1. Tell me the residue from Cys53, Cys14, Cys30, Cys4 that is more than 24 Å from Met506 (Cβ to Cβ), among the hydrophobic types (A, V, I, L, M, F, W, C) and either modelled with pLDDT under 95 or in the same structural domain as Glu501 (by the TED database) (or both), please.
2. Got a number for residues in region 380-396 being open to solvent by less than 40 Å² (accessible area, probe 1.4 Å), at pLDDT 95 or above and in contact with a Ser or Thr (Cβ under 7 Å, 6 or more places away or on another chain)?
3. Only residues that are touching a Phe, Trp or Tyr at 6+ places or on another chain (Cβ under 6 Å) and part of a strand (DSSP E or B): list them for region 95-116, please.
4. Kindly evaluate Asn402 against the criterion of being assigned to a helix (DSSP H, G or I) and either in contact with a strand residue (DSSP E or B) (Cβ under 8 Å, 6 or more places away or on another chain) or touching a residue at least 12 places away in the same chain (Cβ under 8 Å) (or both).
5. Exactly one condition in (1) without any contact (Cβ under 8 Å) to a residue 40 or more places away in the chain; (2) touching a helix residue (DSSP H, G or I) at 6+ places or on another chain (Cβ under 8 Å); (3) not β-branched (Val, Ile, Thr) is not met by Gly479; state its number.
6. Which residue out of Ser107, Ser126 is open to solvent by less than 60 Å² (accessible area, probe 1.4 Å), out of contact with any helix residue (DSSP H, G or I) (no Cβ under 8 Å at 6 or more places or on another chain) and at pLDDT below 95?
7. Any residue in region 490-503 that's among the β-branched types (Val, Ile, Thr): show its pairings with residues that are surrounded by 12 or more Cβ atoms within 10 Å (Cβ to Cβ) at Cβ separation under 6 Å, as long as the two are six or more apart or on different chains.
8. Read through the list (1) of a type outside the set (Asp, Glu); (2) in a loop (DSSP other than H, G, I, E, B); (3) open to solvent by less than 70 Å² (accessible area, probe 1.4 Å); (4) modelled with pLDDT of 95 or more, then give the number of the only condition that Cys372 fails.
Amino acid sequence: MAGCVTRVELSVSCRSLLDKDLGSRSDPLCVVLQDVGDGRWAELDRTERIKNCQDPEFCKKLVVDYYFEKVQKLKFGVYDIDNKSFDLNDDDYLGGIECTLGQVVSSSVFTRPLELKQGKPAGKGSITISAEEIKDTRVVYLEIEAQNLDKKDFLGKSDPFLEFYRQSDAGTWQLVYRSEVVIKNNLNPCWRKFSVPLQTFCGGDFNRPIKVQCADHDSDGSHDLIGTFEASLAQLQGAGDGSLMEFECIHPEKKQKKKSYKNSGIIRIKSCKIETEYSFLDYVMGGCQINFTVGVDFTGSNGDPRSPDSLHYISPDGVNEYLIAIWSVGSVVQDYDTDKLFPAFGFGAQVPPSWQVSHEFALNFNPSNPYCQGIQGIVDAYRQILPQIRLYGPTNFSPIINHVARFAAHAAQQGTASQYFILLIITDGEITDLDQTRQAIVNASKLPMSIIIVGVGEADFKAMEFLDGDNGVLKTLTGEPAARDIVQFVPFRQFKNAPREALAQMVLAEVPKQLVSYYKWQGWPPVKPPEIKQV
């Protein structure tokens, strides 16, 4: 899960701060704290103090670790600093706000009025926060071949592979890439195209020395050096568009021993390109909206909602597994959707007035406008509809998947990274239309959407695990494979005694990779691409 953590820099400015100093203006500083549970807050970072200023623009950025799959509650506090102590309790409080990191990163500029306490404004004071991901998104792509390498194996030719090292600031060499392809018995190898993040390759410094080492692979690990050369990325960039860059591969000991020694082969750089790889946050900050849809299983196998052993039974404290799943996943996703209107559907029930079985009926009984206001709206609609429908069957997933896919297909026709769709299906797992669902998922894998399935109850979820595709690529009945893995399945029972956030973290951890993989596959940059700061 830590895979999608990234770090963001928050730029903070304030306007019209309260004046607490007699005879001069306040000396503000801003601190950011994160909710660590049980009403406790931990400081993450603070800005510098600016003297005599009511409209400060802080120079120091606040650095925060970001996880898409968590609701990260933050508190920003602005203080008037009149002493040298680190403790802020002895300083005047000029106001603060509470928000989530998701709200900040999904707004290009996030401005809120400052409050001294909830509901009490801090005069006309306001705070503005903008986020930027800390990273260099550029990637180096290299295609390399060699000619006339020295023969190292007694019986056969060499099995050459490459290693790239960058020079650290201390002058030591750090390995940044080892070619995965070892070409057996070949003195003129051509390695597969590969890529290394620019930050890893040279720290963004195009003139930093890079050492390339070519060695003969031995299965016992005692690889023999064929030769080495040094170059910078700036030199390697001379390759491409038909022109090759050639470097002599030199074995230092051979060079010392033999006066007639020329080289141990030639390494040829066929192409060296630098491309930008966008991240999840690039797309979200660049204007991509995430649309959240819920599908709820109302089939008979759930049990009569009035009976305490039914999965739809609402306990005296007002919850059941369906509601907990809606709350925990929805509370994360809602920060990325500006209108907070979420379509919610049920399937597998007989619906009034005709009592026909429906596989995609609006939870609010309004098919022309199935949108619920916020996650609370979905919860309210669910509670209201339960006594009005008859749980029935069969359990068909494909209609609701195809319903969301129609919207995703319409968004994809725009040819921009502006809309991505997440469908949450909550089910007791007894699926009837497995073949049609496989087809629907394979079709949807070519669209900007992800599907999360939460299995409630104690059923055997083998069919759900099959749809997840983690044990191999999901295929249709006719053998067509999914273009990308878009389904994440989680059984709720694994999270029964875990904190509510744990379920959301598990099911949403894959979404950033799925979103990026779709737009990368299409070759679509963010609607507003980030400006690359040259190092």
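The values are calculated or read from the model by the stated rules, or taken from the named source; none is laboratory data. Treat the numbers as computed from the prediction; the structure is a model and nothing was measured. Reconstructed Cβ throughout: ideal geometry from the backbone, glycine too, with neighbour counts over all protein chains shown. Note: accessible area is taken over every heavy atom of the protein model, side chains too, but ligands, DNA and RNA are not part of it. Shrake-Rupley method; radii C 1.70, N 1.55, O 1.52, S 1.80 Å.
1. When all the criteria are applied, what remains is Cys53.
2. The number of residues fulfilling the criteria is 2.
3. Listed by number, the residues that qualify are Gly96, Ile97.
4. Details: assigned to a helix (DSSP H, G or I): yes; either in contact with a strand residue (DSSP E or B) (Cβ under 8 Å, 6 or more places away or on another chain) or touching a residue at least 12 places away in the same chain (Cβ under 8 Å) (or both): yes.
Yes; evaluated as a whole, the condition is true for this residue.
5. Condition not satisfied by Gly479: (2).
6. Sole residue among the options that is open to solvent by less than 60 Å² (accessible area, probe 1.4 Å), out of contact with any helix residue (DSSP H, G or I) (no Cβ under 8 Å at 6 or more places or on another chain) and at pLDDT below 95: Ser107.
7. That search, which allows pairs on different chains as well, returns Val490/Val454; Val490/Met506; Val490/Val507.
8. Every listed condition holds for Cys372 apart from (2).
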